[in-house]
Structures are given as C-alpha cells and as structure tokens.
1. Within a 10 angstrom radius of each residue's Cβ in B:24-30, how many Cβ atoms of other chains show up on average? Whole number is fine.
2. Between A:D38 and B:D19, what is the FRET efficiency for a Förster distance of 30 Å, r being their Cβ-Cβ separation, to the nearest 0.05?
3. Looking at the protein assembly as shown, I'd like the Rg to Rh ratio, where Rg is from alpha-carbon atoms and Rh is Kirkwood's inverse mean 1/r.
4. What is the calculated FRET efficiency for A:N126 to B:H266, with r their C-beta to C-beta distance and R₀ = 56 Å, to the nearest 0.05?
5. Along the stretch B:189-206, what does the Karplus equation 6.51 cos²θ - 1.76 cosθ + 1.60 (θ = phi - 60°) give for ³J(HN,Hα), rounded to whole Hz, x for Gly and Pro?
6. Please find, in a Gaussian network model of chain A (springs between Cα atoms separated by less than 10 Å), the residue of A:V58, A:V131, A:V121 whose mean-square fluctuation is greatest.
7. B:S71 to B:A8: extension gain in nm, 0.36 nm per residue of separation minus the Cα-Cα distance?
8. Subtracting the Cα-Cα distance from 0.36 nm times the residue separation, let me have the gained length for B:V202 to B:D244 in nm, one decimal.
Amino acid sequence: MADSPRRRPRPLGQPTPETQHFWDGTKAGELRLQRCNDCGHVYFPPRSLCPACSSRNVDVFSASGKGKLLSYVINHRPHPSFDGPYAIAVVELDEGPTMLSNIVDCDQSPEALVLDMPLEVTFEDNGDLAVPLFRPRESQS
Amino acid sequence: MTVAIVGAAETTELGRIPDMSQIQLHADAALNAFADAGIRARDIDGVATAGESPVNIAHYLGIAPRWVDGSSVGGCSFMLHVRHAAAAIEAGYAHTVLITHGESGRSGVGRGGRGGGGGSLLAQFESPYGSMGPTTMFTIGVLRYMKQYGMTHEQLAMVAVVQREWAGMNPRASYRDPITVDDVLNSRMIAYPFHLLECCLVTDGGGALILTSAERAADFPHKPVYILGSGESVETPMVSQMKDLTSSQAFRIAGSEAMRSAGINHGDVDHMMVYDAFAHLPIWGLEDLGFCGRGEAPAFIEDGNTRPGGTLPLNTNGGGLSYMHSGMYGMYALQESVRQMRGTAPAQVPGAAVSLCLGVGGMFAASGCIVMGNELP
C-alpha cells in the first residue's frame with residue numbers, strides 16, 4: 001500500500017464501457033494502454049478508436065508501468081481528500097502517453113520532486129476502483 | 001458558393017446501446033460517416049456538436065480543427081450547425097466540417113453533458129488526483145517550461161509586475177498600486193510555482209459587443225473598429241493530454257489563422273491582448289504566435305518590450321492579473337482591443353492601428369483570436 005498524502009476518499013469517476021478495461025486492469029495490478037493494430041499508435045485515455053488514424057482495430061495491452069516526471073504543481077489550497085500541500089503531476093509513460101497522477105513515497109517538495117526522475121506505477125485500492133499512482137524508482141530497475 | 005453534404009451516417013446500432021457511453025456514440029456515428037465519405041479524422045478541419053463540448057469530440061477523435069461550433073440551443077442545434085458550417089466553408093474558415101450527435105437517452109451511459117459527469121474522461125482520469133480547477137491544472141506545465149528554457153521564478157513574476165504598471169494607468173482596474181518582483185514572490189503560495197499575484201483576480205462584471213457590416217458601420221455614432229481577421233481551435237479537455245505542456249496547439253492554430261486571414265505580419269501589430277488567467281499565459285501566447293522564439297518570451301517581457309512605452313504593448317488594461325477577471329475574461333480582452341482601436345483606452349497606445357486579441361478557453365482547451373483595426377482593410 002502506497003504512502004499517500006490522501007486523508008479521505010478520492011473523488012472517483014465512473015467507468016464507461018470504453019474505459020472498463022483500464023479499471024479492471026488497475027484492480028488486477030496492471031496499467032493497461034491501447035495500441036492501434038493499423039498504425040501502431042499507443043494512446044491514453046481509453047477509447048474504442050485510434051485518435052491517430054480513425055481505425056476501430058485497436059487492442060488493449062499491459063504497459064510497463066514505468067515513466068518519468070514530466071511536470072507538476074504542489075497545491076497549497078485545501079482539498080477535502082488530501083492533506084496538503086500535495087503534488088499533482090503529469091507522468092510521461094515509457095510507452096509515450098502522458099497521464100495525470102500523484103507521486104507517493106516521496107516528499108511533496110520541489111527538492112524531492114525532480115523533473116525527469118524515473119517513476120513506477122503503484123495501485124491504491126479505493127474500494128470500487130484502484131487508482132494508479134507513481135513512486136520514485138531506481139533508474140536501472 | 002454552394003455547400004454540399006458528402007458523408008452521413010447514424011450509429012451502428014439504434015435503440016438500446018448499453019455498451020457505449022455518450023461520447024462513444026458521437027464517435028461511432030462519426031467513424032461511420034468517415035467511412036461513408038471515404039475520409040478519416042485527419043481530413044476534418046471543422047467540428048460542430050451539441051450535448052458534448054466540441055473540445056471533447058475533437059480530442060476524442062484526434063481532430064485539430066481550425067473552426068469550431070458548440071452552439072447548443074436544444075434539438076435543432078444541428079440545423080444551426082449545418083447553417084454555420086455552410087457559412088464557414090463559404091468564408092474559407094474550414095474545408096471539411098464534421099457535425100456529430102450522440103445521446104445515451106435510454107441507457108444513460110456516460111451522460112456527462114458539457115461539463116462532464118462522473119463518466120467523463122476528466123472525472124475518471126484527472127479529478128481523483130486532487131485537481132482543483134485552473135490554479136492546479138492551467139499551471140501544471142510551467143515547471144517543464146522552466147526546465148526546458150531556463151525561465152526563472154523572477155521572470156515569471158515580472159509578467160505580473162509589468163501588468164500592474166498598465167493597471168496603474170487605468171482608473172477602472174481592481175488593483176493599481178505598483179508591485180515588485182519580491183512582492184510577487186512573497187505573496188501566498190497557491191500552487192507551486194504559482195504565487196497569489198501570479199493568478200488572476202476573481203471579480204464580478206460583464207461586457208457586450210454589437211457588430212454590423214462595414215457598410216452600415218458609418219451610420220453609428222463611434223469610429224468603427226473593423227474585424228481584419230480571426231482564428232479558432234481546440235485541443236483537449238485535459239491539460240495532462242496536451243501534446244506539449246510548454247505550448248498550446250490551439251493558440252498556434254488560432255493565431256496563425258487570425259494573422260493569415262488579416263493579411264498581417266508580426267511587425268504590423270501595434271497592440272496585443274493575451275488572456276492572462278495566470279502569469280505564464282502571455283509567455284505561451286507570444287511564443288505560440290511567433291512574436292518571440294521558443295523560450296525567448298520571458299526575457300522579452302523582462303527587457304520591457306511589453307510595458308508602457310515598449311515595442312509591443314501587451315494587456316494594456318492590466319489584464320486578468322490586475323484589471324478584472326470574472327471567470328470568462330475573454331470579453332474584457334476584446335473590450336480593451338476595441339478601446340485601443342477607438343483611441344479611447346485609459347492607457348492609450350499612441351497611433352495604434354492594429355490590435356491582436358488572443359483568448360484561451362478552459363485550460364488550454366480552446367482558443368479564439370481576433371485581429372482588429374481602425375482603418376478599412
């Protein structure tokens with residue numbers, strides 16, 4: 001279980017038929033992305049078509065869960081679900097897509113949060129949904 | 001010019017479709033229409049829709065439009081879209097327009113509407129991480145910009161300092177007392193690296209514009225301000241999905257369209273407004289429209305080019321940072337461009353004949369750009 005700055009349940013969305021595979025994946029401990037079988041484009045967030053070439057011929061695959069810290073802010077205003085200040089980050093996955101997340105097992109400070117630091121996914125069980133978060137990793141692992 | 005419909009299709013199924021969310025119904029119909037017309041999303045340069053935001057539809061399908069219509073007036077919205085699209089195609093604003101509808105009226109799957117309900121991509125993939133609207137999301141690319149181009153915290157603060165200088169000349173500005181870089185950096189931290197004085201105000205207000213033909217304009221009491229050119233675009237409803245966190249695709253498309261349609265070069269612009277919800281917006285605007293090279297706008301502002309007496313007077317009402325910001329500030333940016341072109345602005349730029357006004361919608365989700373002039377083109 002990740003050491004998270006969260007104090008009350010996160011505001012969760014509702015899976016749709018097109019995103020269900022993603023949330024099934026996080027429950028199973030997998031970060032699932034989609035790839036186009038026609039043009040090879042890898043994309044996120046989930047949808048039943050390729051945004052690069054309009055093909056419906058797309059597959060779901062389990063991603064490495066590795067990425068790097070692309071950018072972030074540290075929010076100082078109160079949020080009902082978080083003990084602030086807490087970082088909201090854009091993670092660039094090794095497979096290419098970016099996604100929003102929180103960085104856990106890490107001080108929420110500019111000194112500790114260094115751009116381009118290697119990250120790996122971890123999953124936080126929130127009852128109905130498991131939410132993908134990221135934590136620092138050794139660059140060789 | 002006569003405009004024609006060259007592709008038309010409904011969703012693959014009709015009736016009860018519990019396995020598709022509302023946005024996927026839009027997309028399913030669009031993909032069928034693409035197949036009917038023998039084209040793909042990349043061939044589309046105009047998007048119109050109702051019930052969902054055209055930002056959502058363009059991003060979902062992978063369209064980078066230069067014309068957008070989200071007119072939403074009920075069930076006849078699509079008739080209005082057809083009419084608006086015909087005018088746009090005639091005007092050369094778009095070559096190929098996609099109009100979509102999708103509604104999970106029976107199954108109620110992912111019925112988000114424009115704001116996005118629980119099934120929206122935003123609710124699923126951004127809200128869980130404690131995003132709190134503009135202060136946390138508009139600002140999220142700035143650390144990346146700082147690393148990429150070496151912008152300092154002091155240079156970001158300088159944007160607010162310069163705009164306060166303009167506000168000091170404007171009796172209607174909310175904040176008029178001069179500030180220093182230290183004042184900005186010592187103001188309360190809102191969302192690192194953004195301090196209070198680098199965030200826009202929250203005020204009440206309103207504005208309105210009236211347009212008519214240049215022919216009729218002479219019958220009105222004020223010196224006419226002419227629309228010389230315009231541009232628009234959308235990119236994504238989610239900041240985390242911008243193709244480049246340090247640049248707005250919507251700014252680039254809207255800005256280049258506006259300048260091209262106005263037939264002007266950068267040197268022709270005497271006055272500029274860039275919607276400044278946060279201090280980095282003018283930097284993005286100056287670079288995305290090519291007034292500065294990549295990474296050069298912070299020094300351009302620091303060197304005084306945008307301040308009173310500078311080479312490119314920018315946000316001369318004081319901007320969203322000091323003048324006012326009600327939430328949809330674009331109207332006030334337009335009002336200041338009109339005042340400058342009429343020659344009636346409190347901080348009038350002497351001899352200004354061309355004003356470029358760049359707006360942002362959502363958090364880099366959309367952009368509109370208007371070029372105004374005080375002489376008939």
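1. On the way: counts 7, 0, 0, 7, 3, 0, 2.
Other-chain Cβ atoms within 10 Å of each residue's Cβ, averaged: 3.
2. For A:D38 and B:D19, the calculated efficiency is 0.85.
3. 0.97
4. The pair A:N126/B:H266 has a calculated efficiency of 0.65.
5. These are the phi-based 3J(HN,Hα) values: 6, 9, 8, 3, x, 9, 9, 3, 6, 9, 10, 5, 6, 10, 9, 9, x, x Hz.
6. A:V58
7. Working: separation 63, 0.36 × 63 = 22.68 nm, distance 2.02 nm.
That works out to 20.7 nm of additional length.
8. The span from B:V202 to B:D244 would gain 12.3 nm if fully extended.
Every number here is computed from the coordinates shown, using simple stated rules; none is lab data. All values derive from a computational prediction rather than experimental measurement. Cβ coordinates were reconstructed from backbone atoms using ideal geometry, including for glycine residues, and neighbour counts include every protein chain displayed.
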